[in-house]
1. In the range 235-315, what is the volume of the convex hull around the alpha carbon atoms, normalised per residue and reported in Å³?
2. For the range 87-131, what is the convex hull volume of its Cα atoms per residue in Å³?
3. Would you mind telling me which residue in 297, 277, 237 has the biggest mean-square fluctuation in a Gaussian network model of the chain, where springs connect alpha carbons within a distance under 10 angstrom?
4. Around residue 39, with a cut-off of 14 angstrom between Cβ atoms, what is the net charge of the other residues, counting Lys and Arg +1 and Asp and Glu -1?
5. Most exposed first by the Cβ proxy, i.e. fewest other Cβ within 10 Å, how do 213, 202 rank?
6. When N is the residue count of the chain, what does its C-alpha Rg come to as a fraction of 2.2 N^0.38 Å?
7. Sum -39500 (n - 2.57) across every DSSP H segment of at least 4 residues in the chain, then divide by the residue count to get the 222 nm mean residue ellipticity, nearest 500.
8. Which residue fluctuates most in the GNM of the chain (Cα springs below 10 Å): 282, 226, 75?
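Read-outs throughout are calculated quantities, based only on the coordinates presented, and are distinct from any laboratory measurement. If you're wondering where the values come from, they're calculated on a predicted model, not measured in any experiment. Glycine also receives a Cβ, built like all others from the backbone with ideal geometry; neighbour counts cover every protein chain displayed.
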Amino acid sequence: MSLLTISGLGVEFGPRAAPLSAVRDVSLTVDPGEVIGLVGESGSGKSLTSRAIMRMVPSPGRISAGEIYFDGRDVMAMSSKELRSFRAHDVGMIFQDPFSSLNPVFKVGAQITETLRANLGLGRAEARSTAIDMLERVGIPRPEQHFSSYPHELSGGMRQRVMIALATASRPRFLLADEPTTALDVTTQKQILTLLATMRRDFDMAMLLVSHDFGVIAQMCDRVAVMYGGQIVESGPVEAIYRTPQHPYTRALLASVPELDAVDQRSRPTPLEGYPPEIGPVRDECVFVERCPSARPDCRSGRMSLEQVGTRHHSACPFEGRPAEGAQSPVAKERVV
Ligand SMILES: Nc1ncnc2c1ncn2[C@@H]1O[C@H](COP(=O)(O)OP(=O)(O)OP(=O)(O)O)[C@@H](O)[C@H]1O
Ligand SMILES: [Mg+2]
């Protein structure tokens, strides 16, 4: 059974009578221990989707549709008490900017012991020794000493390590990591990704890793969902997405990544022209039509939904795409004929 199942998720802003849709029709499953990547340009709805899982969509945004089940429990139906316990024990979350999530006025040790005492009910002494163990586990040198450091006394990478310690304090089975390495330099980024991979293995933790960097996703994830304009336009095993991308947006995204240009090794990275759509009323057409290099009149005739194009591989473009190996979709069959 899946650990997390999201179906038909919608997030809106604006008046209820004339809503501005930011996320729509998002369905996603995460198996226990699995790492799922959420990739897409800025503004595509990655953060809203991941925050929705914890029912932490920032106001005035609201979840307007959909179901979220975690380990068989209905997250949308949880009382505030259940929700507190869910956030404290079952899910951890780390954000892009460790400055915004660590409190600058408290020492890092105090922040971790506070979390351990509140979430796990540990006593003062036990919380302190657990916190020091955790700082050591996430690779903070001289943890006893850094226990008494303030966040600003640590480097960006160290602060992110502290965030990871905090988020995994209760050994959650699921970690939401929203752009955890975006603010870091390349070397530190690698170290943090390695740490996340280690924590995943040691705690047998499932993860939703949000990134706009396909390189990071390819390194870390089992499966990936590609978001565009608030929708998932393609999802599937990383290998399949990388080798046989089906949606024109996925192909454009891959083609814009220099070191990962596997679509055609000889071609230069080509940035995608134009701008992503802004949030607005739902339109009855393909979400990517304005920028799609192979758009045709049919693309304006209705919204596109995900169709299966291979094993656990789905694409929202019924017209484009090369047949994936073993693909069962009518589109693929059509193209072979
Ligand atoms: N408080 C808000 N009010 C209005 N619109 C919002 C608000 N928060 C987010 N949005 C809009 O919702 C859309 C999705 O936002 P989201 O933060 O999920 O994007 P993202 O994919 O995480 O982008 P990034 O890569 O920049 O973090 C964006 O177009 C954004 O402008
Ligand atoms: Mg974001």
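1. Residue-normalised Cα hull volume stands at 109 Å³.
2. Taking the convex hull of the Cα positions in the range 87-131, it is 76 Å³ per residue.
3. Per the Cα network of the chain with a 10 Å cutoff, 297 tops the list.
4. Its environment carries a net charge of -3.
5. Fewest to most other Cβ atoms nearby, the residues stand as 202, 213.
6. Working it through for the chain, the quotient is 1.04.
7. The helix contribution divided over the chain gives -9000 deg cm²/dmol.
8. 282
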